[in-house]
Amino acid sequence: MGGIVWLASYPKSGNTWMRAFLHNLLTNAKKPVEPNYLDKFTLGNKSAGWYRPYAGNKPLSELTPEELAKYRPLVHRDFTRTSPDSVFVKTHAYLGADDVGVPLITMEYTAGAIYIVRNPLDVCISMTHHFGCSIDDAIDYLGFVRNSMGGGDDESIMEPVSTWSIHVKSWTGQPNPRLIAVRYEDMLDQPRIAFGNVCRFLGIVPPPERLERAIKFSSFEMLRKMEDEKGFKERSDNAERFFREGRKEQWREKLSPAQVQKLVDAHREQMARFNYVPEGY
């Protein structure tokens, strides 16, 4: 499998966890890989540095939508030149086009995608800590069509995200043999099955002990321990830590029935596809 393998997800859905697993697995790490080194293995789709060779002397924060659309396929091509094999690239972009009409994901350079999906009722809780916002603001964020991540500075390029439902449907709404969807909750409850399926999708069959070691080294407890010891450069300034709890169904302790209903009403169709609609709603 050559080209880009996208590690795609809505924000706060387990993308970093998947990156950690793949890094530990594919490098056959004999000790846990520190989170701060994940970007040595996985590229970032919104990392602005890739655009500098094309921007000339123009500040990256001043690139127009038309310029970004022009340079994006070139950047995606450059991603594929960093390795003779597949290259993993993290993205929070939805699978669609930008305001100029140019695809956000360049299929010409795409080998496949791993899509991580998480219950939006829990995504909402995680967002309040990462962005330093209220629960109601997070609920609104999940339903805002013009959502984006990054941009506005010389370090990151804006990635259109859209709503949780549009994002999930864009990546998983049609059968695609080049994509595997993985539920965050299955990564928690059935890690050997969930991560084993990812391995099979990538065409690799690791020895059982290697798979077990990668799962252990990328466990939430291990990642949190390493963040406590070394910090994590991807932690938001609004958050005390990046790896906070990692539990499922935190929403049962935090959301009111009215807040649950608002999220279900907004995202019922896609929630139902992944068995996320609570009984009674």
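State all residues of the range 188-211 that are modelled with pLDDT of 95 or more, closer than 30 Å to residue 143 by Cα and among the aliphatic types (A, V, I, L, M); if no residue qualifies, say none.
Within the range 188-211, 194, 198 qualify.
Return yes when residue 5 is closer than 29 Å to residue 120 by Cα, part of a loop (DSSP other than H, G, I, E, B) and among the aliphatic types (A, V, I, L, M) and no when it is not.
No.
Quick test for you: out of 49, 101, pick the one residue that is surrounded by fewer than 18 Cβ atoms within 10 Å (Cβ to Cβ) and not in a helix (DSSP H, G or I).
Working: 49 fails: not in a helix (DSSP H, G or I).
When all the criteria are applied, what remains is 101.
Return yes or no: is residue 274 modelled with pLDDT under 95 and among the aromatic types (Phe, Trp, Tyr)?
In short, no.
From (1) at pLDDT 95 or above; (2) within 28 Å of residue 110 (Cα to Cα); (3) not hydroxyl-bearing (Ser, Thr, Tyr), pick out the condition that doesn't hold for residue 214.
(1)
Name the residues in the range 257-275 that are assigned to a helix (DSSP H, G or I) and of a type in the set (S, T, N, Q), would you?
Result: 259, 261, 270.
Starting from residues that are in a loop (DSSP other than H, G, I, E, B), within 14 Å of residue 125 (Cα to Cα) and among the acidic types (Asp, Glu), keep the ones in the range 233-256 and report whichever is modelled with the highest pLDDT.
That would be 249.
For (1) acidic (Asp, Glu); (2) loosely packed, with under 15 Cβ neighbours inside 10 Å, each residue gets a yes or a no:
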residue	(1), (2)
87	no, no
114	no, no
121	no, no
130	no, no
146	no, yes
151	no, no
159	yes, no
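Report yes if residue 229 is of a type in the set (Asp, Glu), over 19 Å from residue 11 (Cβ atoms) and at pLDDT 75 or above, otherwise no. Working first, answer last.
Details: of a type in the set (Asp, Glu): yes; over 19 Å from residue 11 (Cβ atoms): yes; at pLDDT 75 or above: no.
No: the conditions fail for residue 229.
For residue 81, are the conditions met, namely being farther than 18 Å from residue 104 by Cβ and in contact (Cβ under 8 Å) with a residue 12 or more places away in the chain?
Criteria not met by residue 81.
With respect to residue 75, determine if the residue is of a type outside the set (S, T, N, Q) and in a loop (DSSP other than H, G, I, E, B).
no
If a residue has to be more than 17 Å from the chain's Cα centre (by Cα) and of a type in the set (A, V, I, L, M) to count, how many in the range 16-47 make the cut?
So the answer is 4.
Only one of 54, 71 is modelled with pLDDT of 90 or more and crowded, with 18+ Cβ neighbours inside 10 Å; which?
Every option except 71 fails the conditions.
Going residue by residue through the range 9-27, is there one that turns out to be modelled with pLDDT under 90, farther than 21 Å from residue 187 by Cβ and assigned to a helix (DSSP H, G or I)?
no
Please determine, by comparing only the residues of the range 88-107 that are of a type in the set (Val, Ile, Thr) and over 15 Å from residue 179 (Cα atoms), which one is modelled with the highest pLDDT.
Across the range 88-107, the extreme among qualifying residues is 102.
The values are calculated or read from the model by the stated rules, or taken from the named source; none is laboratory data. Source: prediction; values computed, not measured. Using ideal geometry, Cβ is built from the backbone for each residue, glycine included, and neighbour counts are taken over all protein chains shown.
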